[in-house]
1. What spacing in nm lies between the two simple spin-label points modelled at residue 96 and residue 14, each 7 Å away from Cα in the Cβ direction?
2. Could you work out how much longer the chain between residue 79 and residue 120 gets when fully extended? Use 0.36 nm per residue separation minus the Cα distance between them, nm to one decimal.
3. Provide the gained length on full extension for the span residue 59 to residue 30, in nm with one decimal, where the gain is 0.36 nm per separating residue minus the Cα-Cα distance.
4. Quickly estimate the mean residue ellipticity at 222 nm for the chain, helices only: each DSSP H run with n ≥ 4 gives -39500 (n - 2.57), and the total goes over all residues, rounded to 500.
5. Using the Cα gyration tensor of the range 134-239, with a ≥ b ≥ c the square roots of its eigenvalues, what is the shape: rounded (a/c below 1.5), prolate (a/b larger than b/c) or oblate (neither)?
6. Once you've got the GNM for the chain with C-alpha springs shorter than 10 Å, pick whichever of 96, 216, 66 has the biggest mean-square fluctuation.
7. Taking a point 7 angstrom from the Cα of residue 239 along the C-beta vector, which residues in the range 173-188 have backbone N less than 18 Å away?
8. Using only Cα atoms, tell me the angle between helix 218-238 and the longest principal axis of the chain; keep it within 0 to 90° and round to the nearest 10.
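No lab work stands behind these numbers, since they all come straight from the coordinates. Because the structure is predicted, anything quoted here is derived from the model rather than measured. Backbone-built Cβ (ideal geometry, glycine too); neighbour counts: all protein chains shown.
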Ligand code: SF4
Ligand code: SF4
Ligand code: FES
């Protein structure tokens with residue numbers, strides 16, 4: 001089938017402003033949109049810029065806005081679209097060139113939640129052990145590939161007045177450590193997360209959950225963090 005891709009273009013070094021360019025690609029219905037973008041770059045315009053690496057939903061680098069919904073180009077089949085597809089960079093982030101955005105702020109927020117184990121006890125001779133049911137508590141959150149689709153889709157992050165909000169991707173990682181039985185930093189984590197720019201910035205609008213390519217129940221996990229904070233505060237009050 002013949003597919004038209006209407007693509008956002010902007011090279012700040014030579015363009016006055018952004019514009020859209022339409023390319024036509026002969027594609028198999030089972031091709032992915034990423035295949036079409038690669039073909040455009042190889043056969044029609046080598047200056048078209050976008051990120052990609054694995055091609056299989058693992059690296060998280062080809063997040064973009066496809067017909068106004070954020071997702072991975074390597075996971076979208078041509079057969080799901082009719083004749084023309086609109087392809088734009090992820091919103092929220094500054095455009096570096098075409099579909100490539102500056103993710104520095106995304107990773108700064110990610111690192112702000114302390115995405116690593118906090119331990120206080122002396123490590124055992126072998127590994128820190130846990131039961132399978134303890135692992136299951138946060139198993140879904142481990143699937144996150146940091147594609148930024150959730151944060152780019154979150155209306156709170158999109159709002160200029162609340163853009164300081166740490167965003168759903170960082171909170172998924174915070175959940176991953178807060179609910180891991182081997183982590184010993186609950187007190188510090190709760191103090192860090194109990195802020196308007198952290199977990200209380202979430203307005204439970206579910207947009208993040210709708211777009212996550214790894215089907216992580218993001219909004220539910222944010223809700224579980226809120227509940228953990230509430231329970232811990234109540235516990236502290238009664239002791
Ligand atoms: S549920 Fe929270 S984090 Fe997710 S999109 Fe809505 S406001 Fe943003
Ligand atoms: S939670 Fe989902 S949408 Fe958000 S960064 Fe991780 S994989 Fe991407
Ligand atoms: S190219 Fe790696 S996730 Fe799509």
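1. 1.9
2. 9.5 nm
3. Gain on stretching residue 59 to residue 30: 8.3 nm.
4. -8500 deg cm²/dmol
5. Oblate, since a/c reaches 1.5 and b/c is not below a/b.
6. Taking springs between Cα atoms under 10 Å, the residue moving most is 96.
7. Label zone hits: 178-188.
8. 20
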